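The values are calculated or read from the model by the stated rules, or taken from the named source; none is laboratory data. Keep in mind that this is a model prediction, so the values were computed, not measured. Reconstructed Cβ throughout: ideal geometry from the backbone, glycine too, with neighbour counts over all protein chains shown.
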Amino acid sequence: MPELPHRPLRDADLADLDRRDPLAPFRRRFRLPEDAIYLDGNSLGPLPTAVPERLNRVIEEEWGRSLIRGWNDHDWIGLPLRVGEKIGRLIGAESGEVVVTDSTSVNLFKLLAAALKARPGRSTVLVEEDGFPTDTYMVQGLLDLVGGHRLRRAPAESLEESLDDDVAVMLVGHVHYRSGALRDLHGLTAAAHRHGALALWDLAHSAGAVPVELAACGVDLAVGCGYKFLNGGPGAPAFLYVARRLQKELTQPLSGWLGHADPFAFEADYRPAPGIARHLCGTPPILSMAALDTACDLLLEADLEALRAKSLELGAIFQRLVQERCAGLGLKLAGPEEPWRRGSQISWRHPKGYAVVRALVERGVIPDFRGPDVIRCGLAPLYLRYTDLGAAVDHLRQTLEEEPWRRPELRNRHGVP
Ligand SMILES: *Cc1c(COP(=O)(O)O)cnc(C)c1O
């Protein structure tokens with residue numbers, strides 16, 4: 001990265017960074033509305049230009065002409081494993097360790113249940129306090145069903161001290177959804193292993209934006225979303241990872257026919273498929289899978305280290321621009337100070353954060369709001385420009401100066417925030 005001047009950054013400095021950005025050509029591969037600055041690719045990734053073409057082909061040619069033959073002729077049946085291989089390359093998994101299926105919530109249920117069964121005699125599930133709600137909710141639903149286990153919550157900083165020999169599985173988000181804090185994948189996994197517990201990581205906010213080294217870090221289990229930084233589209237299927245050394249031993253309770261060793265033999269009893277395929281349940285949504293497949297191809301064209309380098313730079317510059325251009329306007333950084341301790345997002349606290357986000361969206365700057373007071377900005381390095389950050393921070397300053405919380409129509413929460 002070029003040296004940046006010590007004086008306040010000017011828009012020309014940002015334009016200069018854009019000109020030198022090796023990832024700049026990727027922006028054209030997305031459909032992004034001209035009148036919007038999109039800071040929410042961590043909630044719903046934008047549309048890759050190759051996706052409509054692919055979906056058209058799947059609909060018109062594959063479904064339209066092949067009908068049921070599409071399962072073989074176009075290998076629809078193989079998509080969950082094929083797309084899983086691609087995601088595996090983005091998260092440091094080895095071949096045959098990832099499959100695309102169901103939603104993140106459902107995959108959590110399956111892997112948590114598999115983990116409890118693999119650690120009999122242990123009765124605790126350890127989760128990060130204040131983690132993403134669905135993660136804890138799924139633990140609660142499962143524990144209610146199986147009985148005899150309990151949930152233990154600990155702040156992320158003291159997860160390690162909260163491990164003991166009663167913990168069957170520890171569930172942690174790799175990047176905290178609200179603050180953006182990046183957790184220590186290697187250190188916490190090793191700590192869980194010292195106590196004989198399994199480590200289950202939620203990669204919802206890291207896959208596709210932060211280098212993840214699942215195999216190298218010895219991670220046991222992981223889940224993640226297809227529609228966030230992977231850009232698979234609204235409601236895209238999720239993925240799950242099981243380390244190869246555990247695959248034989250782990251079985252999941254949603255024993256649907258597509259996880260059977262021989263689904264089309266229509267046997268009377270369930271027999272789990274060998275390998276990662278046993279974590280499938282029912283028929284995959286082919287249109288959504290195809291969109292995610294094409295979106296993953298695009299990400300795989302980029303160099304992951306270059307993505308991380310740009311994402312760190314975007315975070316550092318956003319932070320600096322807010323300090324320089326929004327001083328005294330009530331914003332406080334919500335996550336760690338150092339960009340390398342964050343994922344690919346930066347969050348700001350403001351007591352009237354909800355109204356501020358609504359007013360920003362009216363101006364075409366799209367972050368999102370996470371209660372009680374967080375303005376969360378996703379920094380997707382594939383398509384965000386440094387000049388976008390300058391413009392977004394200028395809008396943020398103007399918005400704060402206008403005090404939008406005085407507008408009654410912006411005060412009440414409605415719909416998806
Ligand atoms: C977005 C997100 C989810 C979403 O789960 P779904 O089942 O896809 O709705 C789960 N966990 C975390 C940490 C998330 O950020």
Reported set for segment 237-253 where residues are within 14 Å of the ligand (Cβ to nearest atom), within 18 Å of Val212 (Cβ to Cβ) and not aromatic (Phe, Trp, Tyr) is Ala238, Leu240
| said: Going residue by residue through segment 376-387, is there one that turns out to be crowded, with 17+ Cβ neighbours inside 10 Å, over 22 Å from the mean Cα position of the chain (by Cα) and more than 16 Å from Leu331 (Cα to Cα)? | reply: yes
Is it true that Pro8 is surrounded by fewer than 12 Cβ atoms within 10 Å (Cβ to Cβ), in contact (Cβ under 8 Å) with a residue 12 or more places away in the chain and either in a helix (DSSP H, G or I) or in contact with a helix residue (DSSP H, G or I) (Cβ under 7 Å, 6 or more places away or on another chain) (or both)? yes
Those helices (runs of 4 or more DSSP H) completely within segment 28-146 that have 1 or more residues that are farther than 14 Å from Ala290 by Cα and away from the ligand (no atom under 16 Å from the Cβ) are 70-73, 79-90, 104-118, 133-146
Residues in segment 89-99 that are out of contact with any His (no Cβ under 6 Å at 6 or more places or on another chain), under 17 Å from Pro272 (Cα atoms) and buried (at least 20 other Cβ atoms within 10 Å of the Cβ) total 2
Taking segment 246-288 and keeping residues at positive phi and free of Cβ contacts under 8 Å to residues at least 60 places away in the same chain leaves Phe266
Given (1) closer than 18 Å to Ser288 by Cα; (2) within 12 Å of the ligand (Cβ to nearest atom); (3) crowded, with 20+ Cβ neighbours inside 10 Å, Asn231 misses just (2)
**Prompt:** Quick one: would you say Arg178 is of a type in the set (D, E, K, R), over 20 Å from Met289 (Cα atoms), more than 12 Å from the ligand (Cβ to nearest atom) and touching a Gly at 6+ places or on another chain (Cβ under 9 Å)?
**Reply:** no
A careful count of residues in segment 205-228 that are closer than 19 Å to Gly180 by Cβ, away from the ligand (no atom under 12 Å from the Cβ), buried (at least 24 other Cβ atoms within 10 Å of the Cβ) and not β-branched (Val, Ile, Thr) gives 2
Here the qualifying pairs (Cβ atoms under 8 Å; residues six or more apart or on different chains; first in segment 192-204 and within 18 Å of His176 (Cβ to Cβ) and at pLDDT 95 or above; second within 10 Å of the ligand (Cβ to nearest atom) and hydroxyl-bearing (Ser, Thr, Tyr)) come out as Asp202/Thr104; Ala204/Thr104; Ala204/Tyr177
